[in-house]
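Below is one structure, written out as structure tokens; comments come after it.
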Amino acid sequence: ATQDIAADALAVRLLTDSGRGIGNGIQVGGNYLGSVVGGGLAVVVYDRWGWVPAILLLALLTATALGVVIGFREPTREVQVRRAGLRELLSVFAQQGCRSWVLVVVPLYYIGAAVGYAIVSPALVDAGWSLTKIGVVSGAIASAPAVLSALGAGALVSRWGRRRVLVLGGVLLAVATLGLVPLALGEASTVWTTIALCAFMAAYAVANVVVYTINMDFARPDSAGTDFTTLTSFALAISFVAAALALTAAVWIGYLGVLVASIVLVLVGTALGLRHQRRHGVS
């Protein structure tokens, strides 16, 4: 988390408005590439040789990235010393359009995706899938297309603008969630479930890229890492709580009811996001 804050701060300062889409496409794509390795390769290593080799593999891969960090030369800049405190932390919300984006649009957008994805693992367990199979399919195979869709979404943000890609991500998420209906009904064939998860993760990657790009628009250069982390963490925290509540709700309304609710939330968030970007978006 500490490394992530520093990397985000550098990205805000280094990227122009037009370059933020591509930059966040690379960032989100890198996240999913990490899922392919950490959620797939590490699971396979654990399954064959145990926890110690799996953890050593992850430690080695993490250490490899340090070579890039050590070789990077941060551009010089004039540092403005600011008082640290809750008021300064929350001052990012004073910007026009920021509160409605972070407190309304993004939570609906993210909650819808998180609620839909929350049922995947328990539904697969109910269907009799092994933990290794769940880890490889949902962690590695499903994340692979997301790497490419994230890079593509980054290019589209630069070419089409934030508003169009925001709508595209929401529509794709709603359609991809429909693909999980057979799983919600207890049908978990390997081929169809894998395709459905690949489509869902690819759509989620598109949504992540545009949300991160707009969050970066609100991050101020003098407090880049703090602002971006505040905006991103708030929505993620809400989505974690929503995912937990979704599993509780599934006891009463079933997996299918949870999927329907997730689609409604995503579409409402998309509509409000379109309205927000028309008023406050970067032209």
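Things worth noting here:
- A single entry from 260, 181, 251 fulfils the requirement of being modelled with pLDDT under 90 and open to solvent by 10 Å² or more (accessible area, probe 1.4 Å): 251.
- Residue match in segment 190-198 (condition: at pLDDT below 90, surrounded by fewer than 20 Cβ atoms within 10 Å (Cβ to Cβ) and not acidic (Asp, Glu)): no
- Contact map, segment 86-97: first residue in contact (Cβ under 8 Å) with a residue 40 or more places away in the chain and under 12 Å from residue 226 (Cα atoms), second residue among the charged types (D, E, K, R) and open to solvent by less than 50 Å² (accessible area, probe 1.4 Å), Cβ cut-off under 6 Å, separation 6 or more or different chains; pairs are 92/227.
- Identity of the residue in segment 163-178, open to solvent by 20 Å² or more (accessible area, probe 1.4 Å) and more than 15 Å from the chain's Cα centre (by Cα), that ends up nearest to residue 280 (Cα to Cα): 163
- Complete set of residues in segment 134-166 that are without any contact (Cβ under 8 Å) to a residue 40 or more places away in the chain and closer than 30 Å to residue 187 by Cα: 134
- Any pair with Cβ under 6 angstrom, 6 or more apart, that starts in segment 32-60 at a residue that is surrounded by 15 or more Cβ atoms within 10 Å (Cβ to Cβ) and ends at one that is in a loop (DSSP other than H, G, I, E, B) and of a type in the set (Lys, Arg): none
- Scan segment 76-129 for residues that are in a loop (DSSP other than H, G, I, E, B), modelled with pLDDT of 85 or more and either loosely packed, with under 12 Cβ neighbours inside 10 Å or hydrophobic (A, V, I, L, M, F, W, C) (or both) and the total you get is 5.
- Pairs with Cβ under 7 Å, 6+ apart, first in segment 258-283 and in a helix (DSSP H, G or I), second open to solvent by 40 Å² or more (accessible area, probe 1.4 Å) and of a type in the set (D, E, K, R): 274/163; 277/163; 278/163
The values are calculated or read from the model by the stated rules, or taken from the named source; none is laboratory data. What you are looking at is a predicted structure, and each value in this text was computed from that prediction instead of being measured. Note: ideal-geometry Cβ built from the backbone for every residue, glycine included; neighbour counts use all protein chains shown. SASA here: full protein model, heavy atoms, side chains in, ligands and nucleic acids out. Shrake-Rupley method; radii C 1.70, N 1.55, O 1.52, S 1.80 Å.
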